[in-house]
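Values quoted throughout were computed directly from the atomic coordinates according to the rules given, and no laboratory measurement underlies them. What you see is a predicted model; the values in this text were computed from it and never measured. Here the Cβ positions follow ideal geometry from the backbone for every residue, glycine too, while neighbour counts run over all protein chains shown.
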Amino acid sequence: MSYTYKPFDLEKWIANHYLKKGITTPSQMDIHKIARSFEIQLGFREKRSYSFTYGRSKIISIDSRLTTEEQHEQFFHELCHILRHCGSQLIMPKAFRDLQEWDAKRFTLYAAIPFHMLKLFDLKSEYIVNEMAEAFNLDLYIVKERLNGIARNMVVINSTLFHN
């Protein structure tokens, strides 16, 4: 049996955007470049990370006190809010806020480790978690979550199970 990864539509959309902007390798996953590609102003302050849209202006502010890895995670989380959500979480019902946070967590995994870059790694390597964490500037737990999601979404191809 042979297995392949079948990306979700959201993963394809993210990968297509990156590819159109020439972002093809982990070394090009610069959050400043990605912010510019979505026409978002990116800043850093000693304040909790946040994002907002006002008219045509889109802003993400990342907590400068965080590690580089945490800043990257926060950037992709806030990027999701800018691109996919509307409304103020300060006044929305808890169920809607929880849904947005779930979506932002999922988006973060896909945007921080895009599926079109998976082919650049040996996913069977015993060091894959560390290799990807270093390549994408992410904490190990984010990489582990992404790899677990990939494993759950592997599909069988060229199966002979149904042939006599």
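Observations
- Relative contact order (percent, whole number), region 1-151, Cα cutoff 8 Å, 6+ residue spacing: 24
- Stretch gain in nm, segment ASP103-ARG45, where the contour uses 0.36 nm per residue and the Cα spacing is subtracted: 18.4 nm
- Site-free segments of the chain were taken between chymotrypsin sites (Phe, Trp or Tyr not before Pro) in DSSP loops having at most 14 other Cβ atoms within 10 Å, sites themselves excluded; the longest one is 39-126.
- Mean projection of the Cα convex hull over all viewing directions, computed for region 2-157: 9.9 nm².
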